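Colleague: My questions all concern the structure below.
Just so you know, all these numbers are worked out from the coordinates, no wet-lab data involved. Here the structure is a predicted model, which is why all the values come from computation and not from measurement.
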Amino acid sequence: MELSILVAKLYAVIALLTGLGILANPSYYQKTFSELLESKTALFFAGVFAAIGGILLVTYHNIWVKDWTVIITIIGWIALVKGVALLVLPTTFDFMKSYYKSTKYWRFQGTALIIFGLILGYFGFIV
């Protein structure tokens, strides 16, 4: 449970700050992520870091229970799958290029991250 709380706190803070940043300056994030998809080096390292984070969470927090901590396990599996996809099939996320040009996408993404951050923050800091 201690690991669940630590990970919830970390993800909550990052999600909240990123969500607020996206809503405050969507053009910056739009440009940054568009450039990320064009950089083979950046995609490689994104894959490595996602795989490492996913492996760590799947190894140390593979807990399938009927409470909020399963969110951390799901995050770990998503990160691992994303990391593997970026490393094995680097063009997997090319379809995202069109989304990154949309202002609606960035408003949705910022809002979703804030909501996700608040949920994890509740479980990490309050409960």
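Colleague: Which lysines does Lys101 reach when only Cα atoms under 16 Å apart count, and residues fewer than 8 places away in its own chain are ignored?
Modeller: Lys31
Colleague: Let me have the 222 nm mean residue ellipticity of the chain computed from DSSP H runs of 4+ only, each contributing -39500 (n - 2.57), with the sum over all residues rounded to the nearest 500. Present the calculation step by step, with values, prior to reporting the outcome.
Modeller: Numbers: 6 runs with 99 residues, N = 127.
Rounded to the nearest 500, it is -26000 deg cm²/dmol.
Colleague: How big is D, in µm² s⁻¹, for region 2-126 by Stokes-Einstein at 37 °C and 0.692 mPa s if Rh is the Kirkwood radius over C-alpha pairs? Mind dumping the intermediate values first?
Modeller: Details: Rh = 15.4 Å.
Value of D from the Cα-based Kirkwood radius: 213 µm²/s.
Colleague: So for the chain, averaging the separation of alpha carbon pairs under 8 Å that are six or more residues apart and normalising by length, what relative contact order in percent results?
Modeller: Working: 149 pairs, mean separation 59.4, N = 127.
For the chain, the relative contact order is 47 percent.
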